[in-house]
Amino acid sequence: MQFLYPIGLLSLAGIIVPLIIHLWNVKQSKTLRIGSIALLAESAPASSKSFKINDWLLFLLRCLLILLAAFILAQPFLKRIVSAKNTGWILVEKSNFPGVYKDNRKAIDSLTKLGYEIHDFNVGFNRINLKDTANTDKTDANSLSYTSLLNQLNMLLPSGSKVCLFADERLSTIGYQLPEISYKLNWNPLNQADTMSSWITDYAGKKYEAKSNPSATVYTAINTDVPPLKVAVYEASGNADRKYLIAALNAIAGFSGRQLELNPNGKVAIGFWLSDEPVSVDFKSAIDTNGSLFQYEKGKVITENSFLNMEGKKIPFTKRIETPKSLKKTWTDGFGNSILAIEHSNRATVYHFYSRLNPQWNQLVWDEVFVKALMPIVLNNEKVEDFGFEDNKADQRRFALSQSRIIQDNKMAAATKTNRNEPLSKIFWIVGFVIFIAERILSYRKKNIVYVKN
């Protein structure tokens, strides 16, 4: 037996409670009969204490209850070896199971007769019984992409196992990568009528109307007149970083179709502070509410050969500033250190840059990814990751007939057996309930026993 959360066993320390209760005995004083009233006199009530367990059965029951509670918190399970020859799964979301079973009853019944097991296509892959066809609960929605779930099955099923999946074919359910699997998957699309949906979205400062159907999603610009891009840039004397930033800003303005205004009068959408000096109060006040501030950070300079992880590329760099670990990382180096960190406040979003926009520090300014990485910051888009790729639940696009849904690993593993985790929590719950009832009955009887002293 193993535990999913071994830290739950720390609750075993609670066993000290019944131990103290049963060891600490306080005996009441005894009343003696005497034959003469001359011996009568007022005496102080007496009691005696002893460290002794009088009721072992009740003590053991209470200790067992605490032991079982600790095991339940630790989530016990058994590893069972499963052979690939006997493994076959039917995967379907539990919320969709009644409709799927109604439309595919013959196929599912024939597979179950062959030994296939029905499992929920969701986190945990809980087993489903045919009686669950009456369950119409829609609350257990799929919380992970199909790619994540199908990849998790690689660790649960032996290579070459057969899996029959009844699931939607929408592209939004897959994610950004196709799953790579080592088992045989038969994907059966759900019977769904073609639908259309529409929504309004923002991108690069413009509003678009999206219309989606199973074959494509089309975006149409609603507003063509967009405000200019107002940017404030401060550069310390002797610094040459400004020219690289201006070139990137011009590229962003050209792509978004907006006019670039540098250091205009009045409020700006974003400010770039390219100096080791603290950001001045006047510069901060010039940034509009809910705007952004990109500032150089000052600190210990660390020289090391590493690279920046940006947009799937590795950009060499040689120097960085020592970074704190409290802020959210946006750009990182090869060692996981923060190069750009983000901090949200009531007034503005602050980007802390622990390097410099200079070739002497890194090669970022020479790479085309520099413009792509700056674009969500300049255009004040919160989703810096995957900028420009919208993930909308209303997207109706589906796989084309010729489009691959999975990446099948043809290199079958030599081993034909794998391990499957079988949870034991249900058994511990039943045993704990029985022991709890027995403990309550025994405790109630002890309270109602009347001792007669002769």
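Quick notes
- Test: Val279 is assigned to a strand (DSSP E or B) and closer than 26 Å to Pro359 by Cα: no
- Any hit, region 148-155, residues being in contact with a strand residue (DSSP E or B) (Cβ under 9 Å, 6 or more places away or on another chain) and in a loop (DSSP other than H, G, I, E, B): no
- The one condition from (1) within 24 Å of Ala251 (Cα to Cα); (2) modelled with pLDDT under 85 that Arg347 does not meet is (1).
- Residue check, Pro189 of a type outside the set (Gly, Ala, Ser), more than 35 Å from the chain's Cα centre (by Cα) and modelled with pLDDT under 90: no
- The criterion of being surrounded by fewer than 16 Cβ atoms within 10 Å (Cβ to Cβ) and out of contact with any Asp or Glu (no Cβ under 9 Å at 6 or more places or on another chain) does not hold for Thr332.
- Qualifying residues in region 324-336 (those that are touching a residue at least 24 places away in the same chain (Cβ under 8 Å) and over 21 Å from the mean Cα position of the chain (by Cα)) - the one nearest to Met310 (Cα to Cα): Asp333
- Pairs linking a residue in region 214-242 that is farther than 22 Å from Lys393 by Cβ and in a loop (DSSP other than H, G, I, E, B) to a residue that is at pLDDT below 85 and of a type in the set (S, T, N, Q), with Cβ atoms under 9 Å and 6 or more positions apart or on different chains, are Val226/Ser256.
- Residue within region 220-240 that is touching a Ser or Thr at 6+ places or on another chain (Cβ under 6 Å), closer than 25 Å to Ile377 by Cβ and modelled with pLDDT under 80 present: no
- Checking Lys298, Lys314, Lys329, Lys319 one by one, the residue that is more than 22 Å from Leu379 (Cβ to Cβ), modelled with pLDDT under 90 and either in a loop (DSSP other than H, G, I, E, B) or not aromatic (Phe, Trp, Tyr) (or both) is Lys314 and no other.
- Selection of first residues in region 255-278 that are without any contact (Cβ under 8 Å) to a residue 24 or more places away in the chain and of a type in the set (Lys, Arg) and of second residues that are part of a strand (DSSP E or B) and surrounded by 13 or more Cβ atoms within 10 Å (Cβ to Cβ), restricted to Cβ pairs under 7 Å at least 6 apart or on distinct chains, gives an empty result.
The values are calculated or read from the model by the stated rules, or taken from the named source; none is laboratory data. This structure is a prediction, so every number in the text was calculated from the model and none was measured. All Cβ positions, even for glycine, are placed from backbone atoms using ideal geometry, and neighbour counts span all protein chains on display.
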